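Some notes on the structure that comes next.
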Amino acid sequence: MWRSGLTRGGYKIVFILWLLQFVNYIDRTSIALAGPSMMKGLHLNSASFGVVLAAFTLGYAFMQIPGGYLADRFGAKMLLVAAPVVWSLFTGATGLVAGLSSLILVRIAFGLGEGASNAAIYKVIGDNFPPQERSLANSIWNTAFALSPAAVAPVGAWLIARSGWQGMFLWFTLPGLAVAAISSFGLPNRQPTHEPNASVKGGHLIDWAAALSQPSSWLILFAYMTFNVAYWGFLGWMPSYLAISRHIDLKDLGVAASIPYLFATVGLIFFGWLGSHVFFRHMAIQVAVTYLFAAVFLYFTYSALTVKQCVEGLSGAAFFLYGGFGPFVTLVLDLAPLNMRAAFSGFISTGGQAGGFLAPIVIGYIVKATGSFTGGFLFMIAALCISALCYLTLSPYILKIRDAAQATDEAIDRQAAAEAVR
């Protein structure tokens, strides 16, 4: 049972963040759906398209720390209004490109727009929800990551069939402009301080040098980087893998194309609840286990003999891949200094996006060089195993934070009881 976070205002904040990320991921993942048509229309090979996918990540990564600094300095709301406007304009511009060079430049600019919002969202959650509620709160808005690809598959396919891939990108300009207006009216101008006592971990006021001297900071950065190798490989290359290797068009799958993302949604809520309740103290171990299971299901996907087994493998992989998002954001906020919550989150995301930048390029070149996705799958599976090992190593640091928080809470309770007696 949530103790304080989801008041009426809390629900409102989570809903707006969910809507913002829903549109964000529609725009972000639409290029994967359009990939086969774009490769044909612009005469791109798999290696070139891998560079296009990575171009977004380059811009996205570059804006993580600057975006976090701006959110800490001027407030998260400003970023969450301006960023959707920028990324929406470059979503539309993607449909106007005529060649590889202009496409890469547009996707870098698109990544800059989306990257400006990421750390601001972390800050909103950290400022408005206490630690025990963050895993589930994060998981709720993160369901947008799973539901938006489920929505973009049928809608995007319908738009491509009627107006081409160019028309799809032009139509997808509109939702981002609408969500910018909603954020402007719906988000609070100033985030309330939701720190009931000193037990809010990461509740230390330190500088960058001190933060970067902590092994835990680098562990979670490397864990996120290796996770992103698998995540962006999965998200960016699965439609092309199904079309090229399995000869399956997502349009032919119909509703089945959305099944993995529905499993991802269930995984987000389930593991978010576990992180806020059963495994709150052992959240890092929980994330490690989910990623190991994700690796198993990626292997199952590759070795599947039928379309049905392939969809089952993708569904299992999505369930566990997405299941780590809510606890991950909570762990970042646990480790973040209060005075630079967004900037620290941006720093972690910068490292994470290095993996997202690397994955599409490496997988693209592997496919081009070998004519097979085998190496690409092994690359993603190995990355997930390394990420899991990082989280297992991080676990003692998180336990120390949890124990310190409990000790502080007990001290405050004893002081309150003593004052009540007096």
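Structure above, values below:
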read-out: Whether segment 128-176 is rounded, prolate or oblate, judged on the alpha carbon gyration tensor where a/c under 1.5 counts as rounded; value: prolate
read-out: For segment 95-186, projected area of the alpha-carbon convex hull averaged over all directions, nm²; value: 7.3 nm²
read-out: Helix runs (DSSP H) in the chain reaching 30 Å along axis by Cα, Kyte-Doolittle at least 1.0; value: 283-303
read-out: Members of Lys123/Lys400; Lys12/Lys400; Lys123/Lys308 lying beyond 30 Å, as alpha-carbon distances in this model show; value: Lys12/Lys400; Lys123/Lys308
read-out: Shape category assigned to segment 42-100 from the gyration tensor of Cα positions, a/c cut at 1.5; value: oblate
read-out: Percent of alpha-carbon pairs separated by more than 17 Å within segment 1-136; value: 61 percent
read-out: For segment 291-386, the spread of Cα positions along each principal axis, largest first, Å; value: 52, 28, 18
read-out: Kirkwood Rh and Cα Rg combined as Rg/Rh, segment 261-313; value: 1.09
read-out: Compactness index (Cα Rg / 2.2 N^0.38 Å), the chain; value: 0.96
read-out: Calculated [θ] (222 nm, deg cm²/dmol) that DSSP helices of n ≥ 4 give over the chain, each run adding -39,500 (n - 2.57); value: -29000 deg cm²/dmol
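Just so you know, all these numbers are worked out from the coordinates, no wet-lab data involved. Since we're looking at a predicted model, the values are computed, not measured.
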